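Structure first, commentary second.
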Amino acid sequence: MALIEVRNLTKIYSRGESALGGKLRGGGEVRAVDDVSLEIHAGETLGLVGESGSGKSTLGRLMLRLIEPTSGSIRFEGQDLLGASRGEMRRLRRDMQIIFQDPFASLDPRFRVEDIIAEPLIIHGNPHGTGRDGIRGRVVELLRAVGLDESILRRFPHEFSGGQRQRIGIARALAVRPKFIVADEPVSALDVSVGAQIVNLLAQLQRDFGLTYLFISHSMPVVRYLSTRIAVMYRGKIVEVGASEEITERPQHPYTRSLLEATPEISV
Ligand SMILES: Nc1ncnc2c1ncn2[C@@H]1O[C@H](COP(=O)(O)OP(=O)(O)OP(=O)(O)O)[C@@H](O)[C@H]1O
Ligand SMILES: [Mg+2]
């Protein structure tokens with residue numbers, strides 16, 4: 001069964017809506033996601049590739065209901081996400097988390113590592129109990145899972161490198177034991193070798209915790225390494241989707257071919 005399934009999903013941004021304060025192209029509206037249907041199966045990684053502005057982040061955010069679609073439907077474990085009540089949505093939020101591109105912008109600089117990772121546990125509840133020791137224990141367990149240790153509990157984000165910060169962000173996303181994670185260009189801001197370590201960590205965590213990923217990237221080699229299947233996005237539409245090997249060895253769509261040509265081989 002599909003863990004998450006979207007049908008005819010469309011997001012049109014209209015002029016003046018920009019939450020980011022960005023300027024929109026002429027015409028008054030942008031069809032950021034245009035009639036997209038796809039599913040992601042439990043335990044797999046669906047890689048989502050496409051050039052800048054093709055709608056990848058918008059699709060990822062729609063799937064978590066961080067933004068509302070213009071039309072279409074989303075099912076998570078068979079449940080209608082867009083019809084969910086506030087209470088149901090609160091419960092569903094535990095199951096669906098996001099890892100961001102920029103580890104410098106995504107961690108609040110005023111909080112210590114311990115508090116950054118503990119925050120979702122305090123909001124959603126901690127499987128180890130709600131007491132201070134229970135929270136601390138869970139935070140230490142999460143730090144170890146992402147290759148860090150408890151000596152950093154009392155430190156602040158600015159004391160860490162990009163790769164370490166991304167590990168802290170991953171620990172925070174994992175805190176509430178999610179099933180589905182949208183990783184939105186999690187290695188694009190990092191050096192290639194540091195990015196490779198993070199990609200390997202994500203693969204390890206998937207095996208350890210049975211996670212399902214939507215892995216967004218503009219880099220075909222990175223996506224190919226991690227993904228079970230790949231969806232290629234172009235101007236708001238999925239132009240091609242299939243097994244990673246099929247997409248990379250026998251691309252059908254000219255745009256997929258151009259993406260493959262644009263990206264040199266790298267080893268992860
Ligand atoms: N909040 C917003 N308001 C208005 N337009 C937006 C908003 N967010 C994105 N867009 C527009 O929607 C389109 C898709 O943007 P999106 O960020 O989803 O693309 P992307 O594939 O993630 O790009 P990138 O690779 O640069 O991250 C772009 O034309 C963008 O300018
Ligand atoms: Mg994006």
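Here are some notes:
- When residues of the range 55-93 are limited to those that are outside any loop (DSSP other than H, G, I, E, B) and among the hydroxyl-bearing types (Ser, Thr, Tyr), the one farthest from Pro120 (Cα to Cα): Ser71
- Annotation for the range 60-69: no member residue is away from ligand 1 (no atom under 16 Å from the Cβ) and modelled with pLDDT of 95 or more.
- Restricting attention to the range 30-52, the residues that are assigned to a strand (DSSP E or B) and in contact with a helix residue (DSSP H, G or I) (Cβ under 7 Å, 6 or more places away or on another chain) total 7.
- Pairs meeting the criteria (first residue in the range 46-64 and in contact (Cβ under 8 Å) with a residue 40 or more places away in the chain, second residue of a type in the set (A, V, I, L, M, F, W, C) and near ligand 2 (Cβ under 9 Å from one of its atoms), beta carbons under 6 Å, at least 6 apart or on different chains) are Leu48/Ile216; Lys56/Ile216; Gly60/Ile216.
- Evaluation of Phe180 against (1) among the aromatic types (Phe, Trp, Tyr); (2) within 16 Å of ligand 1 (Cβ to nearest atom); (3) at pLDDT 95 or above (one fails), failing number: (2)
Rundown of residues vs (1) within 15 Å of ligand 1 (Cβ to nearest atom); (2) among the hydrophobic types (A, V, I, L, M, F, W, C); (3) at pLDDT below 95; (4) closer than 30 Å to Gly162 by Cα, yes/no style:
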| residue | (1), (2), (3), (4) |
| --- | --- |
| Ser18 | yes, no, yes, yes |
| Gly22 | yes, no, yes, yes |
| Val36 | yes, yes, no, no |
| Ala42 | no, yes, no, yes |
| Ser52 | yes, no, yes, yes |
| Ser73 | no, no, no, no |
| Glu88 | no, no, yes, no |
| Leu92 | no, yes, yes, yes |
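- Val239 vs. criteria within 18 Å of the chain's Cα centre (by Cα), assigned to a strand (DSSP E or B) and closer than 29 Å to Ile74 by Cα: no
- Test: residue in the range 97-119 that is away from ligand 2 (no atom under 16 Å from the Cβ), in contact with a strand residue (DSSP E or B) (Cβ under 6 Å, 6 or more places away or on another chain) and of a type outside the set (Phe, Trp, Tyr): yes
- Tally of residues being buried (at least 18 other Cβ atoms within 10 Å of the Cβ), outside any loop (DSSP other than H, G, I, E, B) and more than 16 Å from ligand 1 (Cβ to nearest atom) across the range 242-259: 3
- Here Val140 fulfils each of the conditions (1) among the aliphatic types (A, V, I, L, M); (2) within 16 Å of ligand 1 (Cβ to nearest atom); (3) without any contact (Cβ under 8 Å) to a residue 60 or more places away in the chain apart from (2).
- Among the residues of the range 48-66, those identified as more than 10 Å from ligand 2 (Cβ to nearest atom) and either within 14 Å of Glu5 (Cα to Cα) or surrounded by fewer than 17 Cβ atoms within 10 Å (Cβ to Cβ) (or both) are Glu51, Leu62, Met63, Leu64, Arg65, Leu66.
- Filtering the range 230-237 for residues that are over 18 Å from Leu38 (Cα atoms) and buried (at least 16 other Cβ atoms within 10 Å of the Cβ) leaves an empty set.
So that you can scan it fast, the table gives a plain yes or no per residue for (1) within 16 Å of ligand 1 (Cβ to nearest atom); (2) part of a helix (DSSP H, G or I); (3) of a type in the set (D, E, K, R); (4) farther than 27 Å from Ile74 by Cα:
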residue	(1), (2), (3), (4)
Leu148	no, no, no, yes
Arg154	no, no, yes, yes
Gly163	no, yes, no, yes
Ala173	no, yes, no, no
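- Sole exception among (1) closer than 17 Å to Ala105 by Cβ; (2) within 16 Å of ligand 2 (Cβ to nearest atom); (3) not β-branched (Val, Ile, Thr) for Arg167, by number: (2)
- Being touching a helix residue (DSSP H, G or I) at 6+ places or on another chain (Cβ under 9 Å) and aromatic (Phe, Trp, Tyr) is a description that does not apply to Tyr255.
The values are calculated or read from the model by the stated rules, or taken from the named source; none is laboratory data. The structure presented is a predicted model; accordingly, all values stated were derived computationally and were not measured. With ideal geometry, Cβ positions are generated from the backbone for all residues, glycine too; neighbour counts draw on all protein chains shown.
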